[in-house]
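The values are calculated or read from the model by the stated rules, or taken from the named source; none is laboratory data. Here the structure is a predicted model, which is why all the values come from computation and not from measurement. Cβ coordinates were reconstructed from backbone atoms using ideal geometry, including for glycine residues, and neighbour counts include every protein chain displayed. The accessibility values were calculated without ligands, DNA or RNA, using every heavy atom of the protein model including side chains. Shrake-Rupley method; radii C 1.70, N 1.55, O 1.52, S 1.80 Å.
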Amino acid sequence: AQSVTQLGSHVSVSEGALVLLRCNYSSSVPPYLFWYVQYPNQGLQLLLKYTSAATLVKGINGFEAEFKKSETSFHLTKPSAHMSDAAEYFCAVTLKAAGNKLTFGGGTRVLVKP
Amino acid sequence: EPEVTQTPSHQVTQMGQEVILRCVPISNHLYFYWYRQILGQKVEFLVSFYNNEISEKSEIFDDQFSVERPDGSNFTLKIRSTKLEDSAMYFCASSTRDRGDEQFFGPGTRLTVL
């Protein structure tokens, strides 16, 4: 079975500051890992995904994430926050040996202060 | 850009009534999914559907739930006799293939059971 933990349900950053959202996963087999973003009144949009190629993955809107197997982590970062980054972010995992069911973390809501 | 659409955006129903939530996946996608998010909780997988049959379902997806692809474009989730605890945001998603492919999500239907 797989599970995902996101540390911090709310994060507040200043505009221009580093955004760091933490995600740890648990799985018995190699995973695929995803970060999704949800803006108000919209569906989930893929930011980036890890599928066993490069461990440092670059996504849209300047976000990137690094897969660290030893730490079972897939933290999301952006060097400089923008007001438009205010949204809820979800880390999710699915297993290579199984179907495509996504297991989500609890989400982290990001507030960007001017 | 192709997108997944869902109707209605809001649905209010009385306990015990049947509801049908509708989704139009992206046209060349082959795999379809339903997820739900109870207010304040994680996004949870309900069911995946491929080649006109259920490929995987969660424990939540009991006999009260059913899915159907009645024609070449729609994908529906039916709840036969709604309960108060079915109140949630329901998301439809689709992908071209499984095993790590990006799932494209619709904007969701908010179901309120009174």
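Observations
- Over region B:36-92: Rg over Rh, Cα atoms, Kirkwood Rh: 0.96
- Region A:1-74, dipole about Cα centre (Lys/Arg Cβ +1, Asp/Glu Cβ -1), debye to the nearest 20: 160
- Phi angles across region A:48-64 convert, under the Karplus curve 6.51 cos²θ - 1.76 cosθ + 1.60 with θ = phi - 60°, into 3J(HN,Hα) values of 6, 8, 10, 9, 5, 8, 5, 6, 9, 10, 9, x, 7, 6, x, 7, 8 Hz, Gly and Pro given as x.
- Paramagnetic reach from A:Ala53 in region A:59-91 [backbone N under 20 Å; point 7 Å along Cα→Cβ]: A:59-69, A:74-77
- Extreme residue, positive dipole direction of chain B, given options B:His29, B:Ala88, B:Val43 (C-beta unit charges): B:Ala88
- Theoretical FRET efficiency, 1/(1+(r/R0)^6), r = Cβ-Cβ of A:Glu64 and B:Ser9, R0 41 Å, to 0.05: 0.80
- Calculated accessible area for chain B comes out at 51 Å² per residue, all protein chains present (probe 1.4 Å; ligands, DNA, RNA ignored).
- Dipole magnitude of the protein assembly as shown about its Cα centre (Cβ charges: Lys, Arg +1; Asp, Glu -1), debye to nearest 20: 380
- Karplus-derived 3J(HN,Hα), 6.51/-1.76/1.60, for each residue of region A:74-79, Hz, glycine and proline x: 8, 6, 9, 9, 8, x
- For chain A, the number of Lys pairs separated by eight or more positions or lying on different chains, with C-alpha atoms closer than 25 Å, is 19.
- Each of A:Phe67, A:Gly43, A:Ser27 was placed along the dipole of chain A (beta-carbon charges, centred on the mean Cα), and the one lying farthest toward the positive end is A:Ser27.
- Radius, Kirkwood style, for the protein assembly as shown when every pair of distinct Cα atoms is counted (Å): 18.1
- Size of chain A: Rg and Dmax of its alpha carbons, in Å, are 13.5, 45.
- Placed amide H near A:Asn100: partners under 5 Å, 5+ positions off or other chain: B:Arg99
- Straight-line cross-link partners of B:Lys42 among the aspartates and glutamates, defined as a Cα under 20 Å from its Cα and at least 8 positions apart when in the same chain: A:Glu88, B:Glu56, B:Glu59, B:Asp62, B:Glu85, B:Asp86, B:Glu102.
- For chain B, the square roots a ≥ b ≥ c of the C-alpha gyration tensor eigenvalues yield an a/c of 1.5 or more together with a/b exceeding b/c, which makes the shape prolate.
- Cα-projected label distance for A:Ser3 with B:Ser66, points at 7 Å along beta-carbon direction, nm: 3.5
- Dipole size of chain B about its Cα centre, with +1 on Lys/Arg Cβ and -1 on Asp/Glu Cβ: approximately 220 debye, rounded to the nearest 20.
- Ratio Rg/Rh [Cα only; Rh per Kirkwood] for region B:1-58: 0.99
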